[in-house]
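Report on one structure; see the data block that follows.
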Amino acid sequence: MSTTTPPTSITPTPGSRFASTRLLGTALGPFLGLLLVFALFSFADSARSRSLNKEASFASMASAQKILRDASQVGVAALGMTMIIIAGGIDLSAGSAIALSATVTAWFFRADYSTTVAIMAGLSTGCVCGFVNGSLISLLRVVPFIITLGTMTVYLGLGMVLSNDTPIRAFGKAPDWILNLQTPYPIPEWIQVSTGVWLMAGLAIVVGFLLKFTVFGRHIFAIGSNEATARLCGVNVTFVRIAVYAVAGFFVGVAGLYQFAILAGEGDPKAGTGKELEVIAAVVIGGGSLNGGRGSVLGTLSGACIMAVILHGCVTLDIRTSYQKVIVGVIIIVAVTLDQIRQRRLAA
């Protein structure tokens, strides 16, 4: 009597190659959308400037530098969120964890620890937050939405305890190269964009390679597409899920370092409130599916830049902040609706 042994790895098939081609199209769609949104705001700014008899400013190098700077913090955190969403998860604690990481970094700088120790403390905080999320989700078998909704409050509370309900100021303690991570106009000028943007680009290449060319990346897509099938194929779902959240926590820690730079050397545990929505929105607008199994690095970065373009364009056109939030909210709803329509068509 013969027995059948489940395969120990997930190998590419003609169908998976077709899926990769379709994924490339999904990634290019948000990028083309980014170009369209930028062109629309450029046209609107040009028309408005002519009516006011002044020079248009949106389609300029300075404007592009600001947009990329504004997109970099959300973009870095969204790289980790991309892996989580592809794996079929969600992380509502990302904003609080970003602020907690920044607060820990500020605390270590204020206590006169070395730059290396302070940075490692902030990055480790993000990793621990992610590890805790992944462990609770896997071991308690509770949906990610509920677990991370709870840890969102926990991380906020821990930050407030550490800072004694007051932002931690480490002015003059951090080196300039950290504080200059989020300057819109780079130092030195020849690098064209802020060092934070270049760091985001480098990390994006790493994540893209991990998702496309490693077994771990294939396992992330597998458990997001069909967890039961992934288990039958020999994927250690518990390990992969915990690892995904822990790795995503590293990117949260990097975003915390960005926040520390944005606040010019200050750690405020409340500064991350609502940031998780921007991070999730970047992934969804970029073509990531909340049902899992789909997402891309190019799409995520395009989604982060789309939001930055819209916000910067609204400021350029003197559109009130309240209307800006309405516009971004509508875009998120449209993106999620389109994703659900795609899912229904695939299931039909």
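Every number here is computed from the coordinates shown, using simple stated rules; none is lab data. Not measured: the values here are computed from a predicted model. As a convention, Cβ positions derive from the backbone with ideal geometry for all residues, glycine included, and neighbour counts pool all protein chains shown.
Would you mind checking the pairs K54/K270; K66/K212; K173/K270; K66/K173 and listing those with alpha carbons more than 28 angstrom apart?
Pairs exceeding the cut-off: K54/K270; K66/K212.
Give the cross-link partners of K325 among the aspartates and glutamates, using a straight C-alpha distance below 14 Å as the criterion and excluding same-chain residues fewer than 8 apart.
E278
Show me the chymotrypsin sites (Phe, Trp or Tyr not before Pro) within region 159-216 that DSSP assigns to loop and that have at most 14 other Cβ atoms within 10 Å of their Cβ.
F171
Work out from phi, with θ = phi - 60° and the Karplus expression 6.51 cos²θ - 1.76 cosθ + 1.60, the ³J(HN,Hα) of each residue of region 150-155, listed in order in whole Hz, and give x for Gly and Pro.
Working through the residues one at a time gives x, 5, 4, 6, 4, 5 Hz.
Looking at (1) 1.27; (2) 1.04; (3) 1.00, which value of Rg/Rh (Cα atoms, Kirkwood Rh) comes from a calculation on the structure shown?
(3)
Can you order the peptides 160-166, 146-152 by their average number of other Cβ atoms within 10 Å per residue, highest first?
146-152, 160-166
Considering Cα pairs under 8 angstrom that are at least six residues apart, work out the relative contact order of the chain and quote it in whole percent.
33
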